[in-house]
Amino acid sequence: MMHGRLKSLLVAAFSIFSLCFSTNLMGQHHEENNKKTKNEKKEGFNAKEVIFGHVLNAHEFHFLDIVKKDGTKKAISIPLPVIIYSPQRGLDIFMSSKFEHGHHDYKGYRLLTDETIEHNGLDPKKYAAQQIVGVDDSGKIDPDVKVYDLSLTRNVVQMLIALVIFVWIMLKIAKRYKNGEGVRTAPKGAQSLFEPIITFVRDEVAKPNLGVYYEKYFPYLLTVFFFILINNIFGLIPGTANVTGNIAFTMILGLISFIVILASSNKHYWGHIFNPPGVPLGVKFILVPVEFLSVFIKPMALIIRLFANMVAGHIIIICLISLIFIFGQLNPVFGYGVSPVAIAFTIFIYFIEVLVAFIQAFIFAMLTAVFIGQAREGEHHHEHAGDAHTTIGQDDPVII
């Protein structure tokens with residue numbers, strides 16, 4: 001029953017996902033056709049703009065575009081607060097809707113888009129889409145105005161929402177265990193859903209890699225696992241941000257894990273790096289630099305792995321949908337012919353992404369536990385190794 005409901009929910013979510021992207025792409029396609037008529041300049045479907053528009057960060061939650069009869073486009077979106085500080089102009093706070101999707105300036109500031117960057121001949125290495133710059137009275141970009149963008153972008157807002165939901169769920173479950181619910185009896189509701197996941201992280205991630213010290217790091221591993229998982233799942237909802245596909249997000253998580261790893265290290269760990277035992281002196285000149293670099297490569301593996309896997313799936317989905325409009329631009333018959341194949345592959349990749357959402361959260365937590373365990377290398381706790389692999393009885397509560 002639950003499996004059927006979950007399947008129906010995923011199919012419904014994908015249907016909305018396809019509708020939003022299709023409407024958005026159709027809107028852009030019709031708008032480009034109108035530009036051809038007015039400007040007599042042939043411009044094709046810009047798949048790059050569509051892909052990066054959905055993958056990168058933005059100052060709004062954009063859902064779809066509606067093209068009116070007169071050819072103008074109306075965007076359905078949720079604007080977000082723009083917080084700007086400039087040493088020359090001071091602090092300004094307003095909603096991103098004031099920019100009207102980059103078509104208007106507001107209070108001497110402009111929100112750059114790919115269209116404005118190309119139209120004004122700006123250097124793409126210096127300016128990027130969704131960047132806010134200062135402009136003078138004539139509407140030209142003023143390079144002397146320094147802009148510090150402190151806005152609540154969609155990545156930040158979605159991350160805060162995920163954090164609130166995560167804390168609420170965990171506190172709710174912890175309160176039930178504190179009141180004795182689900183300890184002597186079978187858990188219900190959220191407990192029945194999250195307890196198997198919590199015990200899995202404890203028994204398959206924390207205990208095998210950390211041994212008797214698993215209780216010390218178990219809260220951190222659970223936090224990392226669920227925080228990544230919730231953001232991964234949120235990223236599959238149409239119109240939301242792909243937070244875990246942002247390199248800044250994964251970099252902060254990797255940096256935190258790196259600090260935890262270093263704080264857990266001991267003299268035995270560093271001794272094996274700078275003076276590997278049982279290794280000839282000549283080999284040490286090669287091995288020691290490699291081992292020292294591995295200290296920094298480990299967190300980079302966490303950062304790149306999560307970022308690359310999460311952003312790749314979203315790009316593939318949008319590319320498959322874009323094929324419909326790319327072929328349809330050549331010939332409408334080609335567009336209709338490619339549609340069933342593109343949609344079928346998109347559904348397949350979408351369900352794969354649901355699986356990847358769980359796998360990547362597990363891998364990040366697993367590798368973090370492995371690296372922490374390696375940092376504690378050399379400590380004498382093998383006599384307690386058997387305790388690390390014991391399972392918790394039915395009557396034992398789960399540690400939150």
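The values are calculated or read from the model by the stated rules, or taken from the named source; none is laboratory data. Remember, it's a predicted structure, so these values are computed and weren't measured experimentally. Neighbour counts are summed over all protein chains in view; Cβ atoms, including those assigned to glycine, are modelled from backbone coordinates with ideal geometry. The protein model used for the area step is the full one, side chains on, heavy atoms only, and it has no ligands, DNA or RNA in it. Shrake-Rupley method; radii C 1.70, N 1.55, O 1.52, S 1.80 Å.
For this structure, a couple of remarks:
- Residue within the range 60-73 that is assigned to a loop (DSSP other than H, G, I, E, B) and surrounded by 18 or more Cβ atoms within 10 Å (Cβ to Cβ) present: no
- Some residue of the range 111-131 being within 15 Å of residue 59 (Cα to Cα), at pLDDT 90 or above and in contact with an Asp or Glu (Cβ under 8 Å, 6 or more places away or on another chain): no
- Those residues of the range 191-244 which are touching a helix residue (DSSP H, G or I) at 6+ places or on another chain (Cβ under 7 Å) and free of Cβ contacts under 8 Å to residues at least 40 places away in the same chain, in sequence order: 191, 194
- Single residue of the range 78-114 satisfying the filter (in contact (Cβ under 8 Å) with a residue 40 or more places away in the chain and either more than 20 Å from residue 156 (Cβ to Cβ) or among the hydroxyl-bearing types (Ser, Thr, Tyr) (or both)) that is surrounded by the fewest Cβ atoms within 10 Å (Cβ to Cβ): 87
- Helices (runs of 4 or more DSSP H) enclosed by the range 222-339 - at least 3 residues per element that are at pLDDT 90 or above and within 17 Å of residue 353 (Cβ to Cβ): 281-330
- Screening 164, 157, 201 for residues that are at pLDDT 85 or above, part of a helix (DSSP H, G or I) and open to solvent by less than 20 Å² (accessible area, probe 1.4 Å) leaves exactly one candidate, 201.
- Among all positions in the range 151-158, there is no residue which is of a type in the set (Lys, Arg) and free of Cβ contacts under 8 Å to residues at least 24 places away in the same chain.
- Within the range 177-191, the set of residues being open to solvent by less than 60 Å² (accessible area, probe 1.4 Å) and in a helix (DSSP H, G or I) comprises 177, 190, 191.
- Test: residue 149 is over 27 Å from residue 253 (Cα atoms) and either in contact with an Asp or Glu (Cβ under 8 Å, 6 or more places away or on another chain) or not aromatic (Phe, Trp, Tyr) (or both): no
- Given (1) assigned to a helix (DSSP H, G or I); (2) of a type outside the set (D, E, K, R); (3) within 19 Å of the chain's Cα centre (by Cα), index of the condition residue 169 fails: (3)
- If only residues of the range 251-268 that are in contact (Cβ under 8 Å) with a residue 60 or more places away in the chain and β-branched (Val, Ile, Thr) are counted, the one that is least open to solvent (accessible area, probe 1.4 Å) is 261.
- The residue of the range 206-250 that is surrounded by the most Cβ atoms within 10 Å (Cβ to Cβ), among those that are within 16 Å of residue 156 (Cα to Cα) and aromatic (Phe, Trp, Tyr), is 249.
- Selection over the range 366-389 of residues that are modelled with pLDDT of 50 or more and either among the acidic types (Asp, Glu) or part of a helix (DSSP H, G or I) (or both) gives a count of 12.
- Pick from the range 269-295, criterion aromatic (Phe, Trp, Tyr) and touching a residue at least 12 places away in the same chain (Cβ under 8 Å), ranking: most open to solvent (accessible area, probe 1.4 Å): 274
- Any hit, the range 353-368, residues being over 16 Å from residue 228 (Cα atoms) and touching a residue at least 40 places away in the same chain (Cβ under 8 Å): no
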